[in-house]
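Inspection log for the structure reproduced underneath, given as structure tokens.
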Amino acid sequence: MTPSGVTVRLPRFDAAGRATGTEVRELNAPGPWHAPAAPITSRVAFAAAHVVPQVGAENVPGAPAVVDWDATLAYRHEIWRFGLGVADAMDTAQRGMGLDWAATQELVRRSSAEAASVGARIACGAGTDQLDPASVEPGEAGLAAVIDAYREQVRVVQDAGAQVIVMASRALAKVARSAEDYARVYDAVLAEADKPVVLHWLGTMFDPALAGYWGSDDVASATATFLDLIKAHQDRVDGVKVSLLDAQHEIGLRRALADLDGSPVRLYTGDDFNYPELIAGDEQGHSDALLGIFAAIYPAASTALQAFDAGEAGRGHAILASTEKLGRHIFAAPTYYYKTGVAFLSWLNGFQAGFQLVGGLQSGRSLAHLVELARLADGCGMLLDPALAARRLDALLVTNGVTA
């Protein structure tokens, strides 16, 4: 890395959270990141982007989301400029954690229109979060309510011109009694699809309310049900996004998908811990990507994928591997607070005016966690404007009562 000439004073914390010393750190210049001159072809890659709140709005827990649309859409244009697709209205955008259905619909429509204006790729999540899980019970009525909710959201995404990502449903996890119930719901949902969709399997580390998805807490049994669903609708499934943070399981599923007869089904890794090895792949194949961490490291991710395109697999893997510690830190347990880290890095890099998330979720990580995140981002060249990052880090530390 190349020194930037910008220094910052960062505290060290003990296990009890007390500041015990200060590191005077010269920040690195950004990594050698560059936007592609032509479309990326060796991998299909989506960055699951977050939303930026209006800084003075009542974006507090339980309040309707008030989004800064200019900043939110500008961030998506930056991702597209680096040759990645945008996966929108996903858990990174706080679906079920601050972003309500009214704001989600507007996000889908606005983002899809912006993607069309520049010929960029976009896929958007269709779920059931307009349906309160507390209002449904197991049985016929509950399953019918889930199907209707899915159908409404699929229509919104399709009408906007985006590809559909069928998200995991908290309501379905509550009302389903068996694998057959999952098959029934997804049969109905996939019948609505006007072009191949992405199926999303989200693990409980991201959302504890999804325990027992696909009808079992046993991963092998759930995987068998998942594969049966894909086989039954293979022509309607572009790919699957798997977010279980289990590299060996993903590799096994990827190989099972490759062995299917008929139209190919992609494996979009959602593993924000092990993405370098999974995207690099092996002699039997590789994973494509649909990742929240790519929203934080999109310049490095793009540069790595360009290296894969150029036949420089070692360099591509090395670039991704250089960001792995940062990814593991952002997605550390409790993993569902990872969005705090994505927004923090967005703020440090100047893409939003305030360090905020809708629903007040920026409080989900400690100061010590954020300081270490800044160290790791600097270590892999992901502070894109070191002088701005230093000023904002100074302001954060003063606000939180740490001075050096």
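Things worth noting here:
- Annotation note: of Leu143, Leu190, the sole residue that is over 23 Å from Tyr268 (Cα atoms) and of a type outside the set (Lys, Arg) is Leu143.
- All conditions in (1) touching a residue at least 12 places away in the same chain (Cβ under 8 Å); (2) open to solvent by 20 Å² or more (accessible area, probe 1.4 Å); (3) of a type in the set (D, E, K, R) hold for Glu250, with the sole exception of (2).
- Flag if Lys231 is out of contact with any helix residue (DSSP H, G or I) (no Cβ under 9 Å at 6 or more places or on another chain) and basic (Lys, Arg): yes
- Cβ-Cβ contacts under 6 Å between residues 6 or more apart (or on different chains), taken from a first residue in segment 197-216 that is buried (at least 21 other Cβ atoms within 10 Å of the Cβ) to a second residue that is of a type in the set (Lys, Arg), are listed as Val198/Lys241; His200/Lys241.
- Residue count for segment 64-73, restricted to those that are touching a residue at least 12 places away in the same chain (Cβ under 8 Å) and either assigned to a strand (DSSP E or B) or open to solvent by 30 Å² or more (accessible area, probe 1.4 Å) (or both): 5
- Of all residues in segment 148-167, one or more are crowded, with 19+ Cβ neighbours inside 10 Å, outside any strand (DSSP E or B) and without any contact (Cβ under 8 Å) to a residue 24 or more places away in the chain.
- Residue list for segment 388-404, restricted to those being in a loop (DSSP other than H, G, I, E, B) and among the small types (Gly, Ala, Ser): Gly401, Ala404
- Members of segment 111-137 found to be surrounded by fewer than 19 Cβ atoms within 10 Å (Cβ to Cβ), touching a strand residue (DSSP E or B) at 6+ places or on another chain (Cβ under 9 Å) and assigned to a helix (DSSP H, G or I), listed by number: Ala116
- Residue in segment 16-33 that is crowded, with 20+ Cβ neighbours inside 10 Å, part of a helix (DSSP H, G or I) and either touching a helix residue (DSSP H, G or I) at 6+ places or on another chain (Cβ under 6 Å) or of a type in the set (S, T, N, Q) (or both) present: no
- Single match in Arg95, Arg76, Arg81 (criterion: basic (Lys, Arg), touching a residue at least 12 places away in the same chain (Cβ under 8 Å) and open to solvent by 30 Å² or more (accessible area, probe 1.4 Å)): Arg81
- Residues of segment 266-284 that are among the acidic types (Asp, Glu) and open to solvent by less than 10 Å² (accessible area, probe 1.4 Å): Asp271, Asp272.
- Members of segment 98-107 found to be crowded, with 24+ Cβ neighbours inside 10 Å and either touching a helix residue (DSSP H, G or I) at 6+ places or on another chain (Cβ under 7 Å) or modelled with pLDDT under 95 (or both), listed by number: Leu99, Leu107
- If you go through segment 384-401 and keep only what is surrounded by 20 or more Cβ atoms within 10 Å (Cβ to Cβ) and hydroxyl-bearing (Ser, Thr, Tyr), you end up with nothing.
- Only one entry in Ala171, Ala183 is assigned to a helix (DSSP H, G or I) and either at positive phi or crowded, with 23+ Cβ neighbours inside 10 Å (or both), namely Ala171.
- The set of residues from segment 285-338 being among the acidic types (Asp, Glu) and open to solvent by 20 Å² or more (accessible area, probe 1.4 Å) comprises Asp309, Glu312, Glu324.
- Candidate set from segment 1-15 (those that are assigned to a loop (DSSP other than H, G, I, E, B) and either open to solvent by less than 70 Å² (accessible area, probe 1.4 Å) or polar (S, T, N, Q) (or both)); member that is farthest from Ala318 (Cα to Cα): Asp14
The values are calculated or read from the model by the stated rules, or taken from the named source; none is laboratory data. What you see is a predicted model, and the numbers here were worked out from it, not measured in a lab. Every residue, glycine as well, gets a Cβ built from its backbone with ideal geometry; the counts of neighbours run over all protein chains shown. Surface accessibility is based on the protein's heavy atoms, side chains included, excluding ligands, DNA and RNA. Shrake-Rupley method; radii C 1.70, N 1.55, O 1.52, S 1.80 Å.
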